[in-house]
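Have a look at the structure below before the remarks.
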């Protein structure tokens, strides 16, 4: 039996599935994030190689049993990024065939039967991408705010801090975030939050990211500032997604738009509805798709595409039965 190794390597979590050609998942394990530009080369190698060896040992596999390795990685943005990541992975996988795509593409593929449409991710960071009917692709650089991309979960957290501090100084409307954020960090007030972020941030990214959940929950409780933050972020994500669609001249088409990442997965209606409303201002026939598969399954499906294997109903059923459901 031959297997595909499928990786979903994000900023906060890395997941590996080992799946046979009929869609049966034989191995599923997650560990910490592997974005090479935030974690470094050594940590990237430790995580990717560690999962690789763990799966081989658990399933008692030889390299000859592995047909293909598919990696969806955050941090795979520019041509030089791909060169660097390919070099690292060649040293890990030796002679086994593998390919790397930005993790946006695996989320897109996890929601579609065929590779046509667009995707918007809002997780730790954000990205948008699109592929047309001829297979031509467009994707954001997704490098930083000053380089043109904005709207990830950490951006929501930054906005929340900004407005909570302003509320504490009476320079903007009050918000429950002014109360909730100090409680999250187990301090008394916003004044005591300052040393956690100034002169430099002393909390890790995962803890920082918990503020995003506070904003989503507060919006659901009708906190005006939290709703404003989510609407602003969702509007910006829609414009970025519209941009990649327009780059491929697809704005007049009926475009499926896959949404993924933990912010979209929170099912916050004000966030999703705002995204859809702004998207349809220019892409009038766009429609939203929520994936039924985990993103890591998208990496597996991309491998099937490259191998010329059709995504059959049997494969879909086996994926869902063996743990691939989102």
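Quick notes on this structure:
- Odd one out for residue 250, checked against (1) within 19 Å of the chain's Cα centre (by Cα); (2) crowded, with 20+ Cβ neighbours inside 10 Å; (3) over 30 Å from residue 223 (Cβ atoms): (1)
- Residue in region 208-222 that is in a loop (DSSP other than H, G, I, E, B) and modelled with pLDDT of 95 or more present: yes
- Out of 166, 158, 178, sole residue that is in a helix (DSSP H, G or I), closer than 25 Å to residue 35 by Cα and modelled with pLDDT of 95 or more: 158
- Taken over region 278-288, the criterion of being surrounded by fewer than 19 Cβ atoms within 10 Å (Cβ to Cβ) and either in contact with a strand residue (DSSP E or B) (Cβ under 6 Å, 6 or more places away or on another chain) or assigned to a strand (DSSP E or B) (or both) is satisfied by 287, 288.
- Scanning region 216-250 for residues that are in contact with a helix residue (DSSP H, G or I) (Cβ under 9 Å, 6 or more places away or on another chain) and more than 22 Å from residue 110 (Cα to Cα) yields a total of 18.
- Scan of region 10-20 for residues that are touching a residue at least 24 places away in the same chain (Cβ under 8 Å) and either surrounded by fewer than 24 Cβ atoms within 10 Å (Cβ to Cβ) or within 16 Å of residue 206 (Cβ to Cβ) (or both), ordered by number: 10, 11, 12, 14, 15
- Among the helices (runs of 4 or more DSSP H) confined to region 23-138, the ones with at least 2 residues that are within 24 Å of residue 319 (Cβ to Cβ) and not assigned by TED's automatic domain parsing to the domain that holds residue 304 are located at 103-111.
- For the criterion of being surrounded by fewer than 17 Cβ atoms within 10 Å (Cβ to Cβ), in contact (Cβ under 8 Å) with a residue 12 or more places away in the chain and over 21 Å from residue 4 (Cα atoms), residue 314 fails.
- Considering region 62-102, and only residues there that are surrounded by 12 or more Cβ atoms within 10 Å (Cβ to Cβ) and out of contact with any strand residue (DSSP E or B) (no Cβ under 7 Å at 6 or more places or on another chain), the residue that is nearest to residue 124 (Cα to Cα) turns out to be 75.
The values are calculated or read from the model by the stated rules, or taken from the named source; none is laboratory data. Every value quoted in this text rests on a predicted model; they were computed, and no experiment measured them. Note: ideal-geometry Cβ built from the backbone for every residue, glycine included; neighbour counts use all protein chains shown.
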